[in-house]
Every structure is written in C-alpha cells, then in structure tokens.
1. With charges set only on the Cβ (+1 for Lys and Arg, -1 for Asp and Glu), what does the dipole of the chain come to about its Cα centre, in debye to the nearest 20?
2. Spelling out what I want: for every residue of segment 143-149, take phi, set θ = phi - 60°, compute 6.51 cos²θ - 1.76 cosθ + 1.60 (Karplus), and round to whole Hz; glycine and proline get x.
3. Name the chymotrypsin sites (Phe, Trp or Tyr not before Pro) in segment 78-121 that are in a loop by DSSP and that have at most 14 other C-beta atoms within 10 Å, would you?
4. Over the heavy atoms of residue 93, what accessible area does a 1.4 Å probe trace out, to the nearest 10 Å²?
5. May I ask you to rank 98, 118 by accessible area, largest first, using a 1.4 Å probe over the protein chains only?
6. How long are the semi-axes of the equivalent ellipsoid of segment 1-43, defined as square roots of 5 times the Cα gyration tensor eigenvalues? Whole Å, largest first.
7. What is segment 37-157's relative contact order, in percent, from Cα pairs under 8 angstrom and six or more apart in sequence?
8. Average the reciprocal distances over every distinct pair of alpha-carbons in the chain, invert the result, and give the Kirkwood radius in Å.
Amino acid sequence: PARLGWLQPVLRHAVATGDPAAAELVWTAIESWHEANPPYRGVHWMSGQEAALRAIAVMFLADALDAHPATTQARRELVGTLVADAVGRVVPSLGYALSQRNNHATSEAGFLWTASVLAPWLPGAASLRRRASSALTEATADQFAPDGSYAQHSPTYHRVALHVLLWCLAVARATGEPA
C-alpha cells in the first residue's frame, strides 16, 4: 500500500466521473502518507526501489490531477518535496541497486531519470539525468536479452522492470526528452 499504486483506480474514477471526492481522496492519501512517514525514517524509506516506485506513482497522480480544483499550490509543492526526498534516498544507493542486477536497478534509475526530467529545479538535475540515463541503459542491457526475455525468472519482476521502462518512454514522449 505504501507504493500508493492503489490510488490509480481512484484516480481513474475521479477522471471518468468527475467525482470531486475521489480526487480529494487521492490528495488526502498522499498528504496522510507524507505526514506519517518522515523522510528517511521508518520502514517505508528502507528500500530505494520502494521510494522510487512511490515517487513515480505520486508524479503520475499529481500530473493527472493538475488541473483539478482539488489540486492546490500547497499540494503541488508537497509533490516536489516528496520527489526531492525520494531522490535523496535513491541517489546514495544507486550503485548498490545496479550491483543487484535486477528490477531494483531499473526502478531506481528510471525514477531518477524521470525526476531529473520532470523536476529540473532539483539541485544537479542535469548531472543526475546523465547519471540516471547511463544507469538505466546499463541495467536494461544487463537484464534484457535481445528476444525480450528477462534475467530473473519471475513474471512479476519482469513486469515491474517493463512498467518502469514504459513509464520512462511515456515521460520522454510527453516532454520531448530523448529516452
């Protein structure tokens, strides 16, 4: 639940029906999670991959609700804080994630690349983008065979890695940034 992916069906309902309570639920859940989980403390900050996937989910949710009346400037700033905090968690352990040679590397590198593209105000965003791009390229080449098969014998881990890569492609298309 701390990845906040469970909010995506709520978001779909909000967008499809215009239900203001659904949009408010998305924002309230994000605010509640942030309040209950101070940066870098507790179980929800132990894994770089979890921080990365949660931040991707929050960026997606916030973008989809950007024009909604429930989206205030304070909530936009909260997203910026959550992204910056996740970057602060993931950057120091990126080398470890790459050494694992699994979906942690794609998730963490994909998040850092996304954050550097969508939050260019982050300190060192340009160098972060280069580092994340290099790490993501390395992880993808290491983990995927030319036929698309995956290094780990797990459909779930294969799916996670593919979802992150598809997310990065969507961000690249939306922003014009080369993938």
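The values are calculated or read from the model by the stated rules, or taken from the named source; none is laboratory data. All values reported here derive from a predicted model rather than from experimental measurement. Glycine gets a Cβ as well: all are built from the backbone with ideal geometry, and neighbour counts include every protein chain shown. Remember, those area values only see protein heavy atoms, side chains included, never the ligands or the DNA or RNA. Shrake-Rupley method; radii C 1.70, N 1.55, O 1.52, S 1.80 Å.
1. On the way: 13 positive and 14 negative charges, 53 e Å.
With Lys and Arg at +1 and Asp and Glu at -1, about 260 debye.
2. Computed from phi, the couplings for segment 143-149 are 9, 10, 7, x, 7, x, 5 Hz.
3. Working: sites: 96, 111, 113, 121; in loops: 121.
Sparse-neighbourhood loop chymotrypsin sites (Phe, Trp or Tyr not before Pro): 121.
4. 20
5. On the way: 98 40, 118 80 Å².
The ranking, largest first, comes out as 118, 98.
6. Values: eigenvalues 116, 21, 5 Å².
Value: 24, 10, 5 Å, ordered largest first.
7. Numbers: 112 pairs, mean separation 28.4, N = 121.
Result for segment 37-157 is 24 percent.
8. On the way: mean 1/r = 0.0601 Å⁻¹.
After inverting the mean inverse Cα-Cα distance, the result is 16.6 Å.
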